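The values are calculated or read from the model by the stated rules, or taken from the named source; none is laboratory data. A quick note: this is a predicted structure, and the numbers were derived from the prediction, not measured. With ideal geometry, Cβ positions are generated from the backbone for all residues, glycine too; neighbour counts draw on all protein chains shown. Protein only, heavy atoms only, side chains kept; ligands, DNA and RNA dropped before computing areas. Shrake-Rupley method; radii C 1.70, N 1.55, O 1.52, S 1.80 Å.
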Amino acid sequence: WLWQAPEKTGLYPLTVRRTGTNDAITLNVFVMVPYARMQDGAINGYRIGAYPARAPIHAQVYKQPAGFIEVTKENENTFIAPHFRLKQFLCKEDGGYPKYIVLQEKLLLKLELLLAKVNEHEFRANTFTVMSGYRTPAYNQDLGNVKFSAHQYGMAADIYIDSANTGAMDDLNRDGRVDYHDAEALYNVADRLHVEPGATSLVGGLGKYKPTRAHGPFVHVDVRGFKARWARS
């Protein structure tokens, strides 16, 4: 069957039911705001900035997005995957609603797969805390981050497990401390995802980070399309 997407920007939940049963699934479909609607680096007053005009030859995934998901107070709690809500990936850019975000489905698939593997390792998590998801080019520049950061393209997330809701990584290796070794425990699970059936399309970057005064230990995960590994303080 075919469904014609509405022209108006917004969220359109679609419920698909199996005839004669109670089986059903709801698809949360977003009609995006076209990239061309951005004026002077902003949409409706929300600062986004300028994407690089050309992507590196070796990485065509770094190209201007087709559009942006409009996030409002009414839709920010929408589940965009079984264990993740839209608001978890918002940029920390200042400004009121509506906000705008770029988010790739492959990233959500990878995070769901990683979450399942984490629970198999008895780390116990209902979701990941997303310390940094989408970043506008303007915000990314303010951070002094690299020009082609995967966060700008909706294909990266900096995450940690916080099942106790303390605002920091859980003691995953159970040594009585929360430190770099806990990020390493999560990193090691993520590093083995590539051997999982159907995970070949989810290949990307993976980094582990030590705690600082500004943040606790965390892991970077992305779906840039080629393998990259690093460890940083």
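Brief remarks on what is shown
- Of the strands (runs of 3 or more DSSP E) lying entirely inside the range 1-80, the ones with 1 or more residues being modelled with pLDDT of 95 or more and within 24 Å of ASN145 (Cβ to Cβ) are found at 67-71.
- Residue match in the range 7-16 (condition: touching an Asp or Glu at 6+ places or on another chain (Cβ under 9 Å), of a type outside the set (A, V, I, L, M), surrounded by 18 or more Cβ atoms within 10 Å (Cβ to Cβ) and more than 23 Å from VAL223 (Cα to Cα)): no
- Every condition in (1) surrounded by 13 or more Cβ atoms within 10 Å (Cβ to Cβ); (2) in contact (Cβ under 8 Å) with a residue 12 or more places away in the chain; (3) not β-branched (Val, Ile, Thr) is met by ALA42 except one, and the failing one is (2).
- Hits in the range 135-164 - residues which are touching a strand residue (DSSP E or B) at 6+ places or on another chain (Cβ under 8 Å) and farther than 20 Å from ASP40 by Cα: SER149, ALA150, HIS151, GLY154, MET155, ALA156, ALA157, ASP158, ILE159, TYR160, ILE161, ASP162
- Residue within the range 50-60 that is charged (D, E, K, R), open to solvent by 80 Å² or more (accessible area, probe 1.4 Å) and either within 19 Å of THR136 (Cα to Cα) or in contact with a His (Cβ under 7 Å, 6 or more places away or on another chain) (or both) present: yes
- Index of the failed condition, ARG124 passing every other in (1) more than 23 Å from ASP191 (Cβ to Cβ); (2) of a type in the set (Lys, Arg); (3) without any contact (Cβ under 8 Å) to a residue 60 or more places away in the chain: (1)
- Taken over the range 149-201, the residue count meeting the criterion of being assigned to a loop (DSSP other than H, G, I, E, B), of a type in the set (A, V, I, L, M) and open to solvent by less than 20 Å² (accessible area, probe 1.4 Å) is 5.
- In the range 97-121, of all residues being over 10 Å from the mean Cα position of the chain (by Cα) and without any contact (Cβ under 8 Å) to a residue 24 or more places away in the chain, the one that is nearest to THR166 (Cα to Cα) corresponds to ASN119.
- Residue within the range 160-182 that is basic (Lys, Arg) and over 18 Å from LEU108 (Cα atoms) present: yes
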